[in-house]
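Enquirer: Have a look at the structure that comes next, please.
The values are calculated or read from the model by the stated rules, or taken from the named source; none is laboratory data. What you see is a predicted model; the values in this text were computed from it and never measured. So basically every Cβ, Gly included, is an ideal-geometry build from the backbone, and we count neighbours across all protein chains shown. Only protein heavy atoms, including side chains, enter the accessible area calculation; ligands, DNA and RNA are left aside. Shrake-Rupley method; radii C 1.70, N 1.55, O 1.52, S 1.80 Å.
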Amino acid sequence: MHLCTFEQDGQARVGLVRGSDLIDLSAAVGDALSTHQPMIDLITRWADLKDRVAALADAPADAAVDAVHLLAPVPRPGKALAIGLNYLEHVQENIIGESRTVPAHQVWFPKLPSAVNGPFDPIVLPRVSQMTDYEGELVAIIGQRCRHVPRERAHEVVFGYCVGNDVSVRDYQKRTTQWTLGKSFDTHAPFGPWITTADEVGDPHQLALSCWVNGERRQHSHTSLMIHDIWAQIAQLTEVMTLEPGDVIFTGTCSGVGAAFDPPKFLKDGDTVRVEIERLGAIVARCVAEAPAD
């Protein structure tokens, strides 16, 4: 199934996407969902609600998908975490003169919740930098509260998958060994366009991924090429922290980022970035310059 979050009358609502239309689940099963975090509630109660949602597959549509404003599927996740340097060709890219090797351990950083952005909303290019970059990525959504998950059972705790863009401000990223600031500017964690449930995806390590800027394909790879697959990522994270329903994991980007070109191809005002993953759909954003200071 494809599950989205959309905005109606200033309120977030969840929907079941069926091709070009959707069913308003907040209306259909609203007694079970809060108005504050309806997608997290839906994920948390999925075992009880799945059959009710599936029974709506042939119900009359409530709206066309392109007639509603899609939000990030989880508009305010408790945690948004991202792994760096997780595709060999990306590790080997020359990023602004930096030579790198495969890290001995997984490299993690947060993308703070205020960076979360809708799948078709603008990416704001900050006025403090001219070095904003794109990173097309597969995103995993956690489905249950979990800790100390062994790798061989990690698939059990994933609710579904999305398309994401780990937008990065390179000069801020490289100022320190901690990447949080460079990865957490407002609007710099778009994902969506909906959650494709794990049962429909099957093996998430068998998906083609591409990213285009203004129609030029810059990135093209396959999720089978991750250095640390999603199950290893979850095993590592849950050694440290409790993952909860609706937590978001950006699983790494491949080669072809703007900083690796000579000269670099950073995002500019008016650029359009499209990230597409096989069977999951695509997210598209227009880049807009941040308004000048008053």
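Enquirer: Do we find a residue being free of Cβ contacts under 8 Å to residues at least 40 places away in the same chain, under 24 Å from R145 (Cα atoms), out of contact with any strand residue (DSSP E or B) (no Cβ under 6 Å at 6 or more places or on another chain) and not hydrophobic (A, V, I, L, M, F, W, C) anywhere in region 77-93?
Expert: Looking for residues that are free of Cβ contacts under 8 Å to residues at least 40 places away in the same chain, under 24 Å from R145 (Cα atoms), out of contact with any strand residue (DSSP E or B) (no Cβ under 6 Å at 6 or more places or on another chain) and not hydrophobic (A, V, I, L, M, F, W, C), one finds none in region 77-93, hence no.
Enquirer: So, in region 204-228, of the ones that are touching a helix residue (DSSP H, G or I) at 6+ places or on another chain (Cβ under 9 Å) and open to solvent by 60 Å² or more (accessible area, probe 1.4 Å), which residue ends up farthest from E276 (Cα to Cα)?
Expert: I227
Enquirer: I want to confirm something. Restricting to region 229-260 and keeping residues that are farther than 30 Å from Q37 by Cα and either among the acidic types (D, E) or surrounded by fewer than 21 Cβ atoms within 10 Å (Cβ to Cβ) (or both), which single residue is nearest to the chain's Cα centre (by Cα)?
Expert: S255
Enquirer: Shifting gears a bit: Looking at region 165-175, is at least one residue free of Cβ contacts under 8 Å to residues at least 40 places away in the same chain and exposed (fewer than 14 other Cβ atoms within 10 Å of the Cβ)?
Expert: Among the residues of region 165-175, at least one is free of Cβ contacts under 8 Å to residues at least 40 places away in the same chain and exposed (fewer than 14 other Cβ atoms within 10 Å of the Cβ), which makes the answer yes.
Enquirer: Then there is this: Just need a number here: residues in region 261-294 that are assigned to a loop (DSSP other than H, G, I, E, B) and either in contact with a His (Cβ under 6 Å, 6 or more places away or on another chain) or open to solvent by 30 Å² or more (accessible area, probe 1.4 Å) (or both).
Expert: 16
Enquirer: Tell me, which residue of region 26-51 that is open to solvent by 80 Å² or more (accessible area, probe 1.4 Å) and over 13 Å from T5 (Cα atoms) is modelled with the lowest pLDDT?
Expert: So, considering only residues that are open to solvent by 80 Å² or more (accessible area, probe 1.4 Å) and over 13 Å from T5 (Cα atoms), the one modelled with the lowest pLDDT is D31.
Enquirer: Okay, next question. Within region 189-204, track down each residue that is under 18 Å from G246 (Cα atoms) and of a type outside the set (D, E).
Expert: A189, P190, F191, G192, P193, W194, I195, T196, T197, A198, V201, P204
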